[in-house]
1. Condition first: away from the ligand (no atom under 14 Å from the Cβ) and open to solvent by 40 Å² or more (accessible area, probe 1.4 Å). Now tell me which residues in the stretch 230-244 satisfy that.
2. If you check Ala227, Ala176, Ala138, which single one turns out to be open to solvent by less than 20 Å² (accessible area, probe 1.4 Å), outside the structural domain of Phe103 (by TED's automatic domain parsing) and either modelled with pLDDT under 95 or closer than 20 Å to Pro102 by Cα (or both)?
3. Report those helices (runs of 4 or more DSSP H) wholly inside the stretch 1-106 carrying at least 3 residues which are within 25 Å of Gln217 (Cβ to Cβ).
4. Condition check: of a type in the set (Val, Ile, Thr) and not in a helix (DSSP H, G or I). Does Val159 satisfy that?
5. Can you tell me how many residues within the stretch 85-139 are within 8 Å of the ligand (Cβ to nearest atom) and charged (D, E, K, R)?
6. What's the number of the only condition in (1) modelled with pLDDT under 95; (2) within 12 Å of the ligand (Cβ to nearest atom); (3) open to solvent by 40 Å² or more (accessible area, probe 1.4 Å); (4) not assigned by TED's automatic domain parsing to the domain that holds Val42 that Phe153 fails to meet?
7. With the requirement that a residue be of a type outside the set (A, V, I, L, M) and more than 18 Å from Leu56 (Cβ to Cβ), what does the stretch 10-22 give you?
8. Checking Leu185 against (1) within 11 Å of the ligand (Cβ to nearest atom); (2) touching a helix residue (DSSP H, G or I) at 6+ places or on another chain (Cβ under 6 Å); (3) more than 30 Å from Trp254 (Cβ to Cβ), only one condition comes out false. Which one?
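The values are calculated or read from the model by the stated rules, or taken from the named source; none is laboratory data. These numbers were taken from a predicted model, which means no experiment stands behind them. Methodologically, a virtual Cβ is constructed for each residue, glycine included, from the backbone with ideal geometry; neighbour enumeration extends over all protein chains shown. Heavy atoms of the whole protein, side chains included, go into the accessibility calculation; ligands, DNA and RNA do not. Shrake-Rupley method; radii C 1.70, N 1.55, O 1.52, S 1.80 Å.
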Amino acid sequence: MELPAISLPEFVPGWVWLVGAGPGDPALLTLAAMHALRAADVVVYDALVDPRILALANPDAEQIYAGKRGGRPSPKQPDISARLVQLARAGHRVLRLKGGDPFVFGRGGEEALALVAAGIPFRVVPGITAATGGLAYAGIPVTHRDVNTAVTFVTGHNVKGDVPDDLDWTALARGAPVLVFYMALKHLDEIAARLIGGGRDANEPAAIVTSATTGEQQVIETTLGAAPSRAHEVTPPALFVVGEVVRLRAGLDWFGALSGRVLDADPLDLHTDRDAG
Ligand code: SAH
């Protein structure tokens, strides 16, 4: 594929580019990300970066795995940052490739600050984050005019791996009609309990979406109260979404329609009277 003739920034040796790879499907890469893959000398990538995306890198580029995944031995964050600094100082074009968007629950800010402290020049290339891109492939818009005027993104675990307790869960439960949780699978029971305890209806529609945008994508449509009992059916990476927008999936599951699902033009039953009078 030829990149279009638009002006793309030069990847200068000694620079680090912090690049979002999107949720999985390589077609969701930005042009800047594609350009960086072609130009980089070294690619330092995370566990969530799809192998099909790594395959697009310049074949001469060195690929370094810096995945951080629960349960597996993984490099410590300061070591990753130090490695980026070292590679840049050695004069390489360093592509730091992260799943989704580097600045959304991706520690991109921490790495960028380490580069600033070391005097290394850098650029940030945003990516499509899982909450918007992944849910779009699940047929769930994160906002819909008839349903919600706000959406909240939440991480299901903090730096220690626990459900964040610096959050006001009652405020969260009442704050936005649509909540999207990253890294939520492990603590789904506690998350659901805290939201219901904060006043959220246990019967509210919810969905667990795993490996979104890939061939392994799975979507479980359920309710807030029943979701924890379904968590064992799937493996990470998973998003958990709570809100009436989940019902739109009956009409908007375009990805499922590719394999024959029949779509409903009025999934919210908003216009049932339209033809009556
Ligand atoms: N920076 C990333 C998020 C990293 S945190 C972004 O912007 O998307 C990792 C979490 O992202 C996972 O635990 C999961 O909740 C979510 N995630 C990333 N890719 C996903 C995918 N393809 N399907 C479902 N969830 C995904």
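1. Answer for the stretch 230-244, where residues must be away from the ligand (no atom under 14 Å from the Cβ) and open to solvent by 40 Å² or more (accessible area, probe 1.4 Å): Arg230, His232, Glu233, Glu244.
2. Values: Ala227 fails: either modelled with pLDDT under 95 or closer than 20 Å to Pro102 by Cα (or both); Ala138 fails: either modelled with pLDDT under 95 or closer than 20 Å to Pro102 by Cα (or both).
That would be Ala176, the only listed residue that is open to solvent by less than 20 Å² (accessible area, probe 1.4 Å), outside the structural domain of Phe103 (by TED's automatic domain parsing) and either modelled with pLDDT under 95 or closer than 20 Å to Pro102 by Cα (or both).
3. Numbers: elements: 31-39, 51-54, 77-89.
Those helices (runs of 4 or more DSSP H) span 31-39, 51-54.
4. Details: of a type in the set (Val, Ile, Thr): yes; not in a helix (DSSP H, G or I): yes.
Yes; evaluated as a whole, the condition is true for this residue.
5. 2
6. Condition not satisfied by Phe153: (1).
7. Within the stretch 10-22, the first condition is being of a type outside the set (A, V, I, L, M), and the residues that meet it are 10-11, 13-15, 17, 20, 22.
Those that are of a type outside the set (A, V, I, L, M) and more than 18 Å from Leu56 (Cβ to Cβ): Glu10, Pro13, Gly14, Trp15.
8. (3)
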